[in-house]
Amino acid sequence: MNPYVLTALLSSLGLGTTLTFASSHWLLAWMGLEINTLAITPLMAQHHHPRAVEATTKYFLTQATAAAMILFASTTNAWLTGEWTINNLSSPVASTMFTAALALKIGLAPMHFWMPEVLQGLDLLTGLIMSTWQKLAPLALIIQVAQTVDPMLLTTLGVMSTLVGGWGGLNQTQLRKILAYSSIAHMGWMVIVIQYAPHLTVLALTTYIIMTSAAFLTLKMLLSTKVSTLATAWSKSPVLASAAALVMLSLGGLPPLTGFMPKWMILQELGKQDLPIIATIMALAALISLYFYLRLCYAMTLTISPNTTASTTPWRAHTTQTSLPLAIFTVTALGLLPMTPTILVLTT
């Protein structure tokens, strides 16, 4: 892609998200979401592969539907209250419609069906943008309207997402679909606690972005898109394969890695809110997710592909991908758990 076009599209992505962050008016927030969608569409279809075009079409139709629902809900709310401000969402019908539209935007269950299909059709770097950056603006809006939404609705969305994210990833052989289901499960963890402790949602989102970035950049470096090709990772780069296995375990929320921190704090908060059954379901759903991360670790570190020798291959061509972002994300995805007391002090 032309570097000038790429710069314009990435700048538009940043502009759309910033516009939504800064807005207190529903039309401005909607405009930011639309700029976001229109900016990522050419990035998705840049390879002109039929699969990429299909994924782009699905993504565009889904996001357009969600945007239309947001516009309809904001018009309904303005009609009933006489105001367009985001904080004044007194109509239960409008708030439910907003929540459903924003859930569709970020792929919460049961509005998640587009997510694995779309992610499967994209290259790894565009998939990374879709899995991380594209979640920021809708989640910012959900945080703003969460206090006016029925708690039962958000709890149902959160529990369903963690369960679907766990169950859906079990039978997958494509790494991008596994990461899509991982994203659905993590979104569930963020939404479940959004009414009680929004700062924990922000913390969970930050750690999710760090771990997902490390996972996508590792797969890009290894040129792997299927579980079966992970078996060759050891002969390409033993250190990277070991680090990638730990990143997968961190995504699963295993102590003493970074991914354990938000899950631990969210379960603690649910306990404080007298929701022990919800906390138990969430913890058990995290175990289901952990199983398919363990599958990836097993394929990466404990199996050797029948087509490779049992030694590293010194003649392999070096990748042109810069490894500094991967190194930074991997280190932070593995080692932030000791910072938990500091983060607790800063967020409470």
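Each semi-axis of the equivalent ellipsoid for the range 261-306 is √(5λ) with λ an eigenvalue of the Cα gyration tensor; in descending order they amount to 33, 10, 4 Å.
In the Gaussian network model of the chain, springs joining C-alpha atoms below 10 Å, which of L223, L324, L200 carries the largest mean-square fluctuation? Sorting by GNM fluctuation, first place goes to L324. Within the range 49-185, the percentage of alpha carbon pairs spaced more than 22 angstrom apart rounds to 40%. Relative contact order, whole percent, for the range 1-144 stands at 26, derived from Cα pairs under 8 Å and 6 or more residues apart. Residues in the chain average 43 Å² of solvent-accessible surface per residue, probe 1.4 Å, ligands and nucleic acids excluded. In order along the range 325-332, the Karplus-derived 3J(HN,Hα) couplings, from 6.51 cos²θ - 1.76 cosθ + 1.60 at θ = phi - 60°, round to x, 4, 4, 5, 5, 5, 4, 5 Hz, and Gly and Pro are given as x.
Close amide H pairs (under 5 Å, H built 1.01 Å from N) link H25 with I86, residues at least 5 positions away or on another chain.
Projecting the Cα atoms of S224, A279, W84 onto the dipole axis of the chain, where Lys and Arg carry +1 and Asp and Glu carry -1 at the beta carbon, places S224 farthest toward the positive end. With q set to 0.09, 0.10, 0.16 Å⁻¹, the log10 of I(q)/I(0) for the chain, from the Debye formula over equal scatterers at the Cα positions, is -0.49, -0.60, -1.48.
Each of L254, L240, P138 was scored by the projection of its Cα onto the charge dipole of the chain, and the greatest displacement toward the positive side belongs to L240; charges sit on the C-beta of Lys, Arg, Asp and Glu. With kT/(6 pi eta Rh) evaluated at 10 °C and eta = 1.306 mPa s, and Rh the Kirkwood radius from Cα pairs, the range 1-56 diffuses with a coefficient of 133 µm²/s according to Stokes-Einstein.
Taking 22 Å as the limit for the C-alpha separation, the pairs K226/K263; K135/K263; K105/K177 exceed it in the case of K226/K263.
Here's the list of aspartates and glutamates a cross-link from K272 could span, going by alpha-carbon distance under 20 Å and ignoring same-chain residues fewer than 8 apart: D150.
Take every Cα pair under 8 Å whose residues are at least 6 apart in sequence, average their separation, divide by the length of the chain, and the relative contact order is 15 percent. Counting only DSSP H runs of at least 4 residues, each contributing -39500 (n - 2.57), and dividing by the residue count of the chain, the helix-based mean residue ellipticity at 222 nm comes to -24000 deg cm²/dmol. Dipole of the chain, Cα-centred, from +1 at each Lys and Arg C-beta and -1 at each Asp and Glu C-beta, to the nearest 20 debye? Result for the chain is approximately 860 debye, rounded to the nearest 20. To put it simply, the accessible area of the chain at a 1.4 Å probe is 71 percent carbon and sulfur.
The calculated FRET efficiency for T18 paired with V331, based on their beta-carbon distance and R0 = 30 Å, is about 0.60.
The values are calculated or read from the model by the stated rules, or taken from the named source; none is laboratory data. All values reported here derive from a predicted model rather than from experimental measurement. Cβ sites come from the backbone with ideal geometry, for glycine too, and all protein chains shown count toward neighbours. When the accessible area is computed, the model is the full protein with side chains, heavy atoms only, and any ligands, DNA or RNA have been set aside. Shrake-Rupley method; radii C 1.70, N 1.55, O 1.52, S 1.80 Å.
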